[in-house]
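The values are calculated or read from the model by the stated rules, or taken from the named source; none is laboratory data. Predicted, not measured: the structure shown is a model, and the values here were computed from it. FYI the Cβ positions are ideal-geometry reconstructions off the backbone, even for glycines, and counts take in every protein chain you see. SASA here: full protein model, heavy atoms, side chains in, ligands and nucleic acids out. Shrake-Rupley method; radii C 1.70, N 1.55, O 1.52, S 1.80 Å.
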Amino acid sequence: MNIENKLIKDLTKKELNFFEDNSKHNLNSCDNCTIIKNTWFNLNWDCDHDLKGNSALCNECYIKLKCKPYDD
């Protein structure tokens, strides 16, 4: 099931159940816009970046909110 790049609010019940079992599918959502992305490749995480209080942001929201990576 391909639900990447969909908004959570637009998912069918079956798609939502699939998404909620994300431990098997490597999917997560942007805290700001709720778009679903691959956990490892298409989201920025608060452990590596200052996300202005968010836990995960897609690249578009990362740029929009002017987030920055933490200094090494």
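Please go through the stretch 35-72 and give me each residue that is under 19 Å from Lys6 (Cα atoms) and surrounded by 15 or more Cβ atoms within 10 Å (Cβ to Cβ), ordered by number.
Ile35, Ile36, Lys37, Thr39, Asn42, Leu43, Asn44, Ala56, Leu57, Cys58, Cys61, Tyr62 - these are the residues of the stretch 35-72 that are under 19 Å from Lys6 (Cα atoms) and surrounded by 15 or more Cβ atoms within 10 Å (Cβ to Cβ).
Find all pairs meeting these conditions: Cβ atoms under 7 angstrom apart; at least six residues apart or on different chains; first residue within the stretch 1-30 and under 21 Å from Asp46 (Cα atoms) and free of Cβ contacts under 8 Å to residues at least 24 places away in the same chain; second residue among the hydrophobic types (A, V, I, L, M, F, W, C) and open to solvent by 50 Å² or more (accessible area, probe 1.4 Å).
If the second residue must be among the hydrophobic types (A, V, I, L, M, F, W, C) and open to solvent by 50 Å² or more (accessible area, probe 1.4 Å), the pairs left are Asn26/Trp40.
Identify the residue in the stretch 36-72 that is in contact with a Ser or Thr (Cβ under 9 Å, 6 or more places away or on another chain) and not in a loop (DSSP other than H, G, I, E, B) and, among all such residues, is farthest from Leu16 (Cα to Cα).
Trp45
Mind counting the residues in the stretch 5-32 that are in a loop (DSSP other than H, G, I, E, B), modelled with pLDDT of 95 or more and open to solvent by 50 Å² or more (accessible area, probe 1.4 Å)?
5
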